[in-house]
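Here is the structure we will look at, set down as structure tokens.
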Amino acid sequence: GVYLKKTASALYARGHTVVVITLSDRDLQWQDHGVQVHEIARRKVTWPEPIPRFGWLTARCLEIAIDRWRIRRAVMALHAQTPFSVIQIASYGFVGLLLPRNIAVEICRLSSISRLCRIAYGRPKEALGTLHEKLEKMQIRRANFVFAPSKLIAALAMEEFGVVSSVIPTIPPQLDSLQEDFSFYDDHLSDLRYLLYFGQLSGIKGADLM
């Protein structure tokens with residue numbers, strides 16, 4: 001996302017070697033202005049189930065376990081070549097939970113809290129979601145350091161997980177070197193109406209207020 005792009009670019013500009021490992025629909029390695037990107041393809045599991053719901057749940061759990069193990073394998077292979085000093089993981093998806101402890105300083109960015117998001121969306125409590133929330137809690141508690149993008153998330157993390165989070169806001173865009181040109185807007189767009197939203201039109205994003 002935007003945060004990852006800005007952070008990786010900023011670290012690389014300061015002379016660090018930056019590697020991004022992400023789940024994808026393909027296996028591919030490439031570079032983005034010096035940042036190494038490793039895409040790990042998700043694995044689809046089919047399950048011959050006599051009970052449809054049980055079969056789907058089993059297959060989904062296997063997919064999650066396989067994907068996390070493949071991330072672990074990629075991290076360990078890269079770590080064997082050049083040891084990492086810091087490994088940053090996202091809170092959602094518990095993608096770093098299978099990593100061995102203490103191979104590097106482990107930092108977790110707590111961008112959201114799954115249980116509270118589920119409640120905010122009005123979603124029912126389900127088996128897979130409950131498992132997801134418990135694994136997320138385990139990952140956050142095992143990290144050496146946790147940080148949040150806002151004071152609100154940091155305060156909720158203390159209530160939810162009992163962890164102290166530093167607050168590090170997203171790096172603001174660097175606009176000093178850009179020249180603003182509103183000519184296209186003035187000529188073609190100035191008389192239009194706009195609806196602004198963040199990410200998706202949903203209650204948790206404030207769509208009901210709009």
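The values are calculated or read from the model by the stated rules, or taken from the named source; none is laboratory data. Since the structure is predicted, the reported quantities are computational estimates derived from the model, not experimental observations. Heads up, the Cβs are rebuilt from the backbone with ideal geometry, glycines too, and the neighbour counts pull from every protein chain shown. Side chains are part of the model used for accessible areas, which takes the heavy atoms of the whole protein and leaves out ligands, DNA and RNA. Shrake-Rupley method; radii C 1.70, N 1.55, O 1.52, S 1.80 Å.
In the condition set (1) modelled with pLDDT of 85 or more; (2) under 20 Å from the mean Cα position of the chain (by Cα), Ile168 is compliant with all but (1).
With respect to (1) of a type outside the set (Val, Ile, Thr); (2) modelled with pLDDT of 90 or more; (3) surrounded by 12 or more Cβ atoms within 10 Å (Cβ to Cβ); (4) in a helix (DSSP H, G or I), the lone exception for His132 is condition (2). Among the conditions (1) modelled with pLDDT under 65; (2) within 25 Å of Lys5 (Cα to Cα), the only one that Leu201 does not satisfy is (1).
Are any residues in the range 80-108 touching a Pro at 6+ places or on another chain (Cβ under 9 Å) and not β-branched (Val, Ile, Thr), and if so, which ones?
Narrowing the range 80-108 to residues touching a Pro at 6+ places or on another chain (Cβ under 9 Å): 103-104.
Selection gives Ala104 alone.
Listed by position, the strands (runs of 3 or more DSSP E) inside the range 26-114 whose residues that are among the small types (Gly, Ala, Ser) and at pLDDT below 95 number at least 1 are 35-41, 86-90. Under 8 Å by Cβ, and 6 or more places apart or on different chains, what pairs join a residue from the range 124-145 that is free of Cβ contacts under 8 Å to residues at least 24 places away in the same chain and over 25 Å from Ser166 (Cβ atoms) with one that is polar (S, T, N, Q) and outside any helix (DSSP H, G or I)? Once the first residue is free of Cβ contacts under 8 Å to residues at least 24 places away in the same chain and over 25 Å from Ser166 (Cβ atoms) and sits in the range 124-145, no partner that is polar (S, T, N, Q) and outside any helix (DSSP H, G or I) comes close enough.
Pairing residues of the range 1-16 that are in contact (Cβ under 8 Å) with a residue 60 or more places away in the chain with residues that are open to solvent by less than 70 Å² (accessible area, probe 1.4 Å) and not hydroxyl-bearing (Ser, Thr, Tyr), at Cβ distances under 7 Å and at least 6 apart in sequence or on separate chains, gives Lys6/Ile171; Thr7/Ile171; Ala10/Ile171.
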